[in-house]
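Asker: Take a look at this one; I'll ask things after.
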Amino acid sequence: MTGFALSRPRRSVLYVPADNQKALAKIPTLDCDAVILDLEDAVAPEAKDDARETMRRFLRERRPENCDIVIRINALASEWGTEDLLAARAVRPDAILLPKVDGPRDVLDADAALDEMDAPAGLALWAMVETPKALFNLSATAELGRDPAARLACLVAGTNDLVKETGVLATPDRRYLVPWLLQMVAAARAAGIDALDGVMNDFRDAGAFENECVEGRNMGFDGKTLIHPSQIEVANRTFMPSASEIAAAEEVVAAFARPENAGKGVVAVGGRMVERLHLAQAERLLGKAGR
Ligand code: COA
Ligand code: MG
């Protein structure tokens with residue numbers, strides 16, 4: 001288990017280009033669980049310095065309180081990476097999202113740099129999974145989530161870059177991406193950290209977006225990364241446990257809490273076998289539902 005709030009909701013996580021003042025100003029009115037202020041792909045090379053400054057000013061003067069704040073920096077190896085990390089550390093986000101993470105080394109380097117900057121222990125790292133190398137190093141990278149000192153709290157699918165880097169065809173049903181997405185969820189679960197599904201670019205197609213949210217949820221993702229405010233409501237609804245799931249989870253918790261079941265590994269609930277693994281699953285679900 002990490003030292004980070006594993007069970008807080010991350011149903012809807014919206015990218016906001018850090019140099020887009022209009023989009024930044026909109027954040028306090030939005031109902032997303034977190035925003036990712038993006039210094040990387042959403043910002044043109046010649047606008048990097050401006051974006052960093054705009055983000056800094058925004059968070060100093062009008063820091064939103066309605067959602068978690070995550071900052072996506074440019075790769076540490078790039079010409080902007082170190083300045084981005086310094087700026088991000090200074091404005092105290094909830095997490096820093098690392099792009100193009102190939103393996104554990106990239107996370108450990110960022111962690112070491114943050115330690116050197118005296119960053120608080122509670123500042124988490126999130127890692128984009130968007131390169132072919134990252135796919136082969138998935139379990140080793142995710143495994144860092146077991147050590148709170150390494151800060152890793154979440155894997156984020158970078159589906160646009162994966163399509164670009166691997167050459168797979170992007171189809172509406174994501175058939176060539178799904179095997180990798182499932183690997184990501186498995187790696188995150190093995191390490192006890194969160195996993196977020198990739199974005200859907202076509203933000204005007206509400207029906208297709210809803211299908212993709214349901215697919216992401218069925219694969220086990222904790223939530224979806226978004227690019228447009230119109231996608232928030234559907235993601236919140238889809239990734240929120242339903243009333244019947246909550247009721248079933250509460251029943252499981254109540255069953256194991258009964259004195260006669262203390263110390264039992266398996267009990268019957270409503271004619272179904274329920275083991276302690278189901279208790280853990282129920283507690284995780286209730287955590288996500290904010291219970
Ligand atoms: N965050 C916050 N506000 C956003 C937003 C976002 N990601 N995307 C759009 N908005 C705002 C717009 O500023 C506009 O605000 P207004 O009502 O004050 O005018 C409103 O929502 C409606 O926007 P709309 O006109 O429909 O879209 P657009 O043409 O302005 O922007 C995009 C379309 C795709 C350019 C924009 O949504 C965007 O930049 N998304 C994020 C892209 C990104 O970060 N990519 C990197 C990771 S994949
Ligand atoms: Mg990317």
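Asker: So what's the Cα pair-distance distribution over the stretch 1-110, bin width 10 Å, in %?
Answerer: 14, 48, 32, 6, 0
Asker: Per the 1.4 Å probe, what fraction of the accessible area of the chain, in percent, lies on carbon and sulfur atoms? Can you show the working numbers first?
Answerer: Values: 7180 of 13490 Å².
Carbon plus sulfur share of accessible area: 53 percent.
Asker: How big is the charge dipole of the stretch 243-288 about its Cα centre, in debye rounded to the nearest 20, if each Lys and Arg gets +1 on its Cβ and each Asp and Glu gets -1 on its Cβ? Let's see the in-between values first.
Answerer: Details: 6 positive and 6 negative charges, 22 e Å.
The calculation lands at about 100 debye.
Asker: Return the sequence-ordered ³J(HN,Hα) values of the stretch 30-38 in whole Hz as given by the Karplus equation 6.51 cos²θ - 1.76 cosθ + 1.60 applied to θ = phi - 60°, using x for Gly and Pro.
Answerer: Listing the rounded values in order: 9, 9, 7, 6, 7, 10, 10, 6, 9 Hz.
Asker: For the chain, what is one quarter of the convex hull surface built on the Cα atoms, given in nm²?
Answerer: Dividing the Cα hull surface by four gives the mean projection, 16.1 nm².
Asker: Any idea of L39's accessible area? Nearest 10 Å², probe 1.4 Å.
Answerer: 0
Asker: Per the Cauchy relation, a quarter of the hull surface: what is the mean projected area of the convex hull of the alpha carbons in the stretch 211-291, in nm²? Spell out each step's value before the answer.
Answerer: Details: hull surface 24.6 nm².
That works out to 6.2 nm².
Asker: Rank these residues by their accessible area, most exposed first, probe 1.4 Å: Y15, Y176. Don't skip to the answer; put the middle values down first.
Answerer: Numbers: Y15 30, Y176 110 Å².
Sorted by accessible area, descending: Y176, Y15.
Asker: Right, next: Tell me what the chain gives for mean residue ellipticity at 222 nm when only DSSP H runs of n ≥ 4 count, each as -39,500 (n - 2.57), the sum divided by the residue total, rounded to 500 deg cm²/dmol. Before the final figure, lay out the partial values.
Answerer: Working: 12 runs with 127 residues, N = 291.
Dividing the helical sum by the residues of the chain leaves -13000 deg cm²/dmol.
Asker: Something else: Using only the Cα atoms of the stretch 46-194, what are the Rg and Dmax in Å?
Answerer: In order Rg, Dmax, the Cα atoms of the stretch 46-194 give 15.7, 45 Å.
Asker: What list of ³J(HN,Hα) couplings, whole Hz, do you get for the stretch 198-204 from phi and the Karplus terms 6.51, -1.76, 1.60, once you set θ to phi - 60° and write x for glycine and proline?
Answerer: Per residue, the Karplus-derived 3J(HN,Hα) values read x, 8, 10, 5, 7, 7, 8 Hz.
Asker: So, one more: List the lysines whose Cα lies under 28 Å from the Cα of K48, skipping any in the same chain that are fewer than 8 positions away.
Answerer: Here the lysines satisfying the reach criterion relative to K48 are K22, K26, K100, K133, K164, K224.
Asker: Quick check: residue separation of E65 and A44 times 0.36 nm, minus the Cα distance between them. What number comes out in nm? It would help to have the intermediate numbers written out before the result.
Answerer: On the way: separation 21, 0.36 × 21 = 7.56 nm, distance 2.79 nm.
Extra length from E65 to A44 when fully extended: 4.8 nm.
Asker: Nearest 20 debye, what's the magnitude of the dipole of the chain about its Cα centre given +1 on Lys and Arg Cβ and -1 on Asp and Glu Cβ? Intermediate results must be reported in sequence, preceding the final value.
Answerer: Working: 35 positive and 45 negative charges, 170 e Å.
For this selection, approximately 820 debye.
Asker: At 20 °C and 1.002 mPa s, what whole-number value in µm²/s does Stokes-Einstein give for the translational diffusion of the stretch 243-288, with Rh from the Kirkwood sum over Cα pairs?
Answerer: Numbers: Rh = 10.5 Å.
Here the translational diffusion coefficient equals 204 µm²/s.
Asker: How large are Rg and Dmax for the stretch 153-291 when only the alpha carbon atoms are used, in Å?
Answerer: Cα-based Rg and Dmax for the stretch 153-291 come out at 17.8, 57 Å.
Asker: Measure of size requested: the Rg and Dmax of the stretch 164-210, with Cα atoms as the atom set and Å as the unit; please supply both.
Answerer: My reading of the Cα-based Rg and Dmax gives 12.7, 35 Å.
Asker: Something else now. So for each of 158-165, 57-64 I average, over its residues, the number of other beta carbons within 10 Å; can you give me the resulting order with the highest mean first? Write down the numbers at each step before the final one.
Answerer: Working: 158-165: 18.9, 57-64: 13.9.
Result, highest mean first: 158-165, 57-64.
Asker: Using a Gaussian network for the chain with springs between C-alpha atoms less than 10 Å apart, which of these wobbles most: D118, D222, D41?
Answerer: Residue with maximal mean-square fluctuation among D118, D222, D41: D118.
Asker: Using a 1.4 angstrom probe, figure out how much accessible area the stretch 12-239 has per residue, in square angstrom, rounded to the nearest whole.
Answerer: On the way: 9730 Å² over 228 residues.
Solvent-accessible surface per residue comes out at 43 Å².
Asker: Taking only protein heavy atoms and a 1.4 Å probe, what accessible area per residue, in Å², does the stretch 243-288 have with all protein chains in place? The partial results should precede the final answer.
Answerer: Working: 2780 Å² over 46 residues.
The answer is 60 Å² per residue.
Asker: Out of residues 5 or more away from V16 or on other chains, whose amide H comes under 5 Å of its own, with H placed 1.01 Å from N in the peptide plane?
Answerer: Excluding prolines and chain starts, which carry no amide H, the hits are I36, L37, D38.
Asker: With the dipole of the chain worked out from charges on the C-beta (+1 for Lys and Arg, -1 for Asp and Glu) around the Cα centre, which of V267, G223, N236 lies farthest toward the positive end?
Answerer: Projecting each Cα onto the dipole axis, the largest value belongs to V267.
Asker: Report the antiparallel proportion of the DSSP beta bridges in the chain as a percent, rounded to a multiple of 5. Show your work: numbers first, answer last.
Answerer: Working: 4 of 34 bridges.
Antiparallel bridges make up about 10 percent of those DSSP assigns within the chain.
The values are calculated or read from the model by the stated rules, or taken from the named source; none is laboratory data. Just so we're clear, the structure is a prediction, and the values are computed from it rather than from any experiment. Here Cβ is always computed from backbone atoms with ideal geometry, including for glycine, and neighbour counts include all displayed protein chains. Keep in mind that these areas ignore ligands, DNA and RNA; they rest on the heavy atoms of the full protein, side chains included. Shrake-Rupley method; radii C 1.70, N 1.55, O 1.52, S 1.80 Å.
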